[in-house]
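Student: Next up is a structure, given as structure tokens.
Just so it is clear, none of the values below were taken in a lab; they were calculated from the coordinates. Quantities reported herein were computed from a predicted structural model and do not represent experimental measurements. When we count neighbours, we look across all protein chains shown, and the Cβ atoms used for this are built from the backbone with ideal geometry, even at glycine.
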Amino acid sequence: MSGLQLGDVLFYIIAGFTIVSAAGVAFSRNIVYSTFSLMGAFMGVAGLYVFLAADFVAVIQVLIYVGGILVLMIFAVMLTHRISDVRISNRSVARLPSLVIIAFIAGVMIKTVLGANWHRVAPGTPVPTTYAIGNGFLNEYILPFELASVVLLAALIGAVVLSRKELKQP
Amino acid sequence: MSIGLAHYLVVSTIVFVLGLYCVLTRRNAIGILMGVELILNSANINYLAFSRFGSGHYDGQVFAIFVIMLAAAEAAIGLAIVLGIYQTFQTIDVDATETLRG
């Protein structure tokens, strides 16, 4: 098979979009630009999930990350910054040592990834995964599923307790 | 060369180190939380890539959903703490919040 196939080209486009958006999050000087780059990164990662035959996880990613976490972050940015000085609001320190550290870590990790002898199986044709995941949640993974719901309830109550105003005692 | 396991692992490695750079250099608490989200996303890419190319089973997808669930809880609590810090210090620069430093 010579030449690039359409799916491969799409993969490279989406992967490049994800990496450029993540770099925008990391290097942008303006916190608002960082937040919107984060949206691009989340959407790109959702596209990668579709390539990995994980349709349900991709939809969950768009719903929870883009629809929930990102909106929460935009609210937090807008509530904590006087818009007038937003230009200097995302300062970074120790750029050069951090760049050296992450270049070193990236080099080691990519070398390991490319050199390791991973256990591989041939990927099957993509099938809808919702049935298998729902069955797993209610049979094999019932305990983690219930624990996760308790964790979410605790997080909900904790967020309310942390962000409410203290009532003055009468 | 068609798209395989290594491609996804390289992409997730790059996203991971960019998130790590965010966590290392940002002095804005929300910027640090964004870096943490990038790191969690790269871990999820790894889960799904190994689920597709390494095991051929859906286990990795279930764990990815758990990771997304915990990331949502982490973001809610983290941003509530950030708003609390802002109400106390009038800034969310993490260098300014050093009251507990000995």
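Student: Please give the net charge around B:Ile39, taking every other residue with its beta carbon less than 14 angstrom from that of B:Ile39, where Lys and Arg add +1 and Asp and Glu add -1. Please report the intermediate quantities before stating the final value.
Tutor: Details: positive: B:Arg26; negative: B:Glu37, B:Glu74.
Every neighbour counted, the sum reads -1.
Student: If you don't mind, another one. How are the alpha carbon pair distances in the stretch A:5-72 distributed across 5 Å bins from zero to the largest one, expressed in percent?
Tutor: Each 5 Å bin holds this share of Cα pairs: 4, 19, 24, 23, 17, 8, 4, 1.
Student: Is any helix in chain A, taking whole DSSP H runs, at least 20 angstrom long along its axis by alpha carbon and on average at least 0.0 on the Kyte-Doolittle scale, and which ones?
Tutor: Those that pass (Cα extent of 20 Å or more, hydropathy at least 0.0) are A:6-27, A:31-51, A:95-115, A:142-163.
Student: Send over the per residue convex hull volume for the stretch B:5-89, Cα only, as a whole number of Å³. Present the calculation step by step, with values, prior to reporting the outcome.
Tutor: Values: hull volume 4.9 nm³, N = 85.
So the per-residue hull volume is 57 Å³.
Student: Sort A:44-53, A:8-17 by packing, meaning the average of other beta carbons within 10 Å per residue, with the highest value first.
Tutor: Averaged packing, sorted descending, gives the order A:44-53, A:8-17.
Student: Also, I was wondering about something else. On a 0 to 90 degree scale, rounded to 10, what angle separates helix B:59-89 from the longest Cα axis of chain B?
Tutor: Compared with the principal axis, the helix lies near 10 degrees.
Student: Report, in debye and to the nearest 20, how large the dipole of chain B comes out about its Cα centre when Lys and Arg carry +1 and Asp and Glu carry -1 on their Cβ.
Tutor: With only Lys, Arg, Asp and Glu charged at Cβ, the dipole is about 140 debye.
Student: So, one more: Tell me the angle of helix B:29-50 to the major Cα principal axis of chain B, expressed in degrees between 0 and 90 and rounded to the nearest ten.
Tutor: The two axes meet at around 10 degrees.
Student: Can I ask one more? When you look at the Cβ of every residue in B:44-50, what mean number of other chain Cβ atoms sits within 10 Å?
Tutor: Partner Cβ neighbours, averaged per residue: 5.
Student: If the viscosity is 0.890 mPa s and the temperature 25 °C, what translational diffusion coefficient in µm²/s does Stokes-Einstein give for the protein assembly as shown when Rh comes from Kirkwood over Cα pairs?
Tutor: Answer, rounded: 123 µm²/s.
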